[in-house]
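Below: one structure, written as structure tokens.
The values are calculated or read from the model by the stated rules, or taken from the named source; none is laboratory data. All of these numbers come straight from a predicted model, not from anything done at the bench. Here the Cβ positions follow ideal geometry from the backbone for every residue, glycine too, while neighbour counts run over all protein chains shown. Only protein heavy atoms, including side chains, enter the accessible area calculation; ligands, DNA and RNA are left aside. Shrake-Rupley method; radii C 1.70, N 1.55, O 1.52, S 1.80 Å.
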Amino acid sequence: MKGSESNRGSVSGETPPNSPWFFYGWVVIGLSFATQGFHSTARTSFSVFQVPLIEEFGWSRGALGGAFAFMMVVYALTGPFAGSRFERYGPRAVIPWGSVLIGITLAGGFFINSLLHVYILTGVFLAVGHALSGFSMHGALIPRWFSKKRGLAAGISLSGAGVGSLLLVPVLVWTIESYGWRAAYLIFGLAFLLVLAPANFLLLRNRAEDMGLSLDGLPSGESEEPPESSRTEKKAMSAGWVFMSMRKDPRFWILGLISFFIGFSNNTIMSQLQLYFVDAHYSMASAAIVLGMSGFFRIGGGVVNGWVSDHLGRRIGLALSSSLSAAGVILLLLIPGLGAAPYPGYLFAIIFGFGGGGMSACFSALVVDTFKGPSLAVIMGILGISYGAGGALGPPLAGYTFDVVGSYTAPFSFIVLVLFAMIVISFFGLKEHSK
């Protein structure tokens, strides 16, 4: 009788018993969306600030690319420990402090006078800040609130980087052109310290269970997965223990390879993009619009390909996203020969952004599907080592290649091959049940 009464309530449009009228999980996703928007733009801003730094100090692209690589190495090494802290103490003890460190990094940029300052601020403070509040931690946060709508939630959360890029990168360029790069650093950093960090401290919650809610905001008993406290494996394990338990699982290494490819392709392109378009005779403002658009269209890629992966399988979603990214890079290689007309750049931003957002959302959902449990954040952090290794290798390689031969053709062509390898892995390296 209770089941039939519940069904009649659903048909009549009434709110099912014990179902909240608004699910707080969407507040968490909104906060995650905004946080990743600011944090991703902080990392992307490295590409923007390279232009005035090179003009003022005469540093080579390879040397600045080395600072970016150092950041990715520190990020990779810090990630597993951030994940362990996440599992032991919850996201509220980790994510807000990422905003604090990134704010300190950017505000400290006001005082840059040597390449060593760039390496310390970017390579240490920004790296640790991203480890505490980057892709891996937000990816581990989502399954604490969503199960049936996990792909959609991941797409919305992770695509926050897109809105950040579209809105913040042009504002950043305008601030640099109007008030100088030092003032731009300071203003951006204060936004983190005075707005974003306090919002995370005040609004973030650890899990749905802590608020008496079920996953997805469903009535008790209708969620696909039990709350965290009811699981038999509750104790958060150390990063070393988790790695030793995972090292013989082929799925772990396949996901690690995918993470490496995503880190290599995305970070290489995004770290050099502003310089690439300035070299192609785009203005600083036009190049910033392309950079911002490429981030903005990650939103559509994350949401749409997240939905595709929920309904058609993670393999199809990941292969589709990789194909779009490869097509975008091929177009990017053609742009210098097309003149300074902005429209090819805008088309690149749409295609590449859509593919990049889809890859991030599908990869996050794949990891959760494969290794969901009390050590998920630690596993995400360990897989972040592969992402960091890719990000550490690609940008300086591209920068030094340009310094030697005056072209990005070789490194960008290699990225196309990497993305085609992702397509092959999607169909032949992953199991169909991971969806």
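Go through the range 354-381 and give me each residue that's among the polar types (S, T, N, Q) and either modelled with pLDDT of 85 or more or more than 20 Å from GLY160 (Cβ to Cβ) (or both).
Answer for the range 354-381, where residues must be among the polar types (S, T, N, Q) and either modelled with pLDDT of 85 or more or more than 20 Å from GLY160 (Cβ to Cβ) (or both): THR370, SER375.
Looking at PHE125, PHE68, PHE86 in this structure, which one is open to solvent by 60 Å² or more (accessible area, probe 1.4 Å) and in a helix (DSSP H, G or I)?
Values: PHE68 fails: open to solvent by 60 Å² or more (accessible area, probe 1.4 Å); PHE86 fails: open to solvent by 60 Å² or more (accessible area, probe 1.4 Å).
Testing whether each residue is open to solvent by 60 Å² or more (accessible area, probe 1.4 Å) and in a helix (DSSP H, G or I) leaves just PHE125.
Got a sec? Which of GLU209, GLU177 is closer than 20 Å to GLN50 by Cα, among the acidic types (Asp, Glu) and open to solvent by 20 Å² or more (accessible area, probe 1.4 Å)?
Working: GLU209 fails: closer than 20 Å to GLN50 by Cα.
GLU177 is the lone residue from the list that is closer than 20 Å to GLN50 by Cα, among the acidic types (Asp, Glu) and open to solvent by 20 Å² or more (accessible area, probe 1.4 Å).
Name the residues in the range 276-300 that are under 25 Å from TYR387 (Cβ atoms), open to solvent by 10 Å² or more (accessible area, probe 1.4 Å) and assigned to a helix (DSSP H, G or I), would you?
Across the range 276-300, the qualifying residues are TYR276, MET293, PHE296, ARG298, ILE299, GLY300.
Can you tell me which residue is most open to solvent (accessible area, probe 1.4 Å) among those in the range 94-113 that are hydrophobic (A, V, I, L, M, F, W, C) and over 20 Å from the mean Cα position of the chain (by Cα)? Working first, answer last.
Kept after step one, since they are hydrophobic (A, V, I, L, M, F, W, C), are these residues of the range 94-113: 94-95, 97, 100-102, 104, 106-107, 110-112.
Going one step further and asking which of them are over 20 Å from the mean Cα position of the chain (by Cα), we end up with 104, 107, 110-112.
Numbers: ILE104: 75, ALA107: 17, PHE110: 76, PHE111: 137, ILE112: 5 Å².
The selected residue is PHE111.
Conditions first: (1) over 19 Å from the mean Cα position of the chain (by Cα); (2) within 30 Å of LEU132 (Cα to Cα); (3) surrounded by 24 or more Cβ atoms within 10 Å (Cβ to Cβ). PHE348 passes all but one, so which condition is the exception?
Only one criterion is unmet by PHE348, namely (2).
Here is a check on your reading of the model: is GLY384 crowded, with 23+ Cβ neighbours inside 10 Å, touching a Ser or Thr at 6+ places or on another chain (Cβ under 9 Å), at pLDDT 80 or above and closer than 30 Å to LEU275 by Cα? Don't jump to the end; show me each part of the working.
Values: crowded, with 23+ Cβ neighbours inside 10 Å: yes; touching a Ser or Thr at 6+ places or on another chain (Cβ under 9 Å): yes; at pLDDT 80 or above: no; closer than 30 Å to LEU275 by Cα: yes.
No: the conditions fail for GLY384.
Test LEU397 against the stated conditions and say whether it is at pLDDT 85 or above and over 25 Å from HIS130 (Cα atoms).
Working: at pLDDT 85 or above: yes; over 25 Å from HIS130 (Cα atoms): no.
Criteria not met by LEU397.
Taking the range 173-223 on its own, how many of its residues are touching a helix residue (DSSP H, G or I) at 6+ places or on another chain (Cβ under 7 Å), at pLDDT below 80 and in a loop (DSSP other than H, G, I, E, B)?
2
Select from the range 400-428 the residues that are crowded, with 18+ Cβ neighbours inside 10 Å and at pLDDT below 85 and list them in ascending order.
SER426
Of all residues being over 17 Å from LEU275 (Cβ atoms) and of a type in the set (Gly, Ala, Ser) in the range 333-345, which is surrounded by the fewest Cβ atoms within 10 Å (Cβ to Cβ)? Just the residue, please.
Among them, the one singled out is GLY337.
Could you tell me whether THR41 is among the polar types (S, T, N, Q), open to solvent by less than 10 Å² (accessible area, probe 1.4 Å), closer than 22 Å to LEU202 by Cα and touching a residue at least 40 places away in the same chain (Cβ under 8 Å)? Even if it seems obvious, please write down each step before you answer.
Working: among the polar types (S, T, N, Q): yes; open to solvent by less than 10 Å² (accessible area, probe 1.4 Å): yes; closer than 22 Å to LEU202 by Cα: no; touching a residue at least 40 places away in the same chain (Cβ under 8 Å): yes.
Considered against the rule, which asks whether it is among the polar types (S, T, N, Q), open to solvent by less than 10 Å² (accessible area, probe 1.4 Å), closer than 22 Å to LEU202 by Cα and touching a residue at least 40 places away in the same chain (Cβ under 8 Å), THR41 comes out as no.
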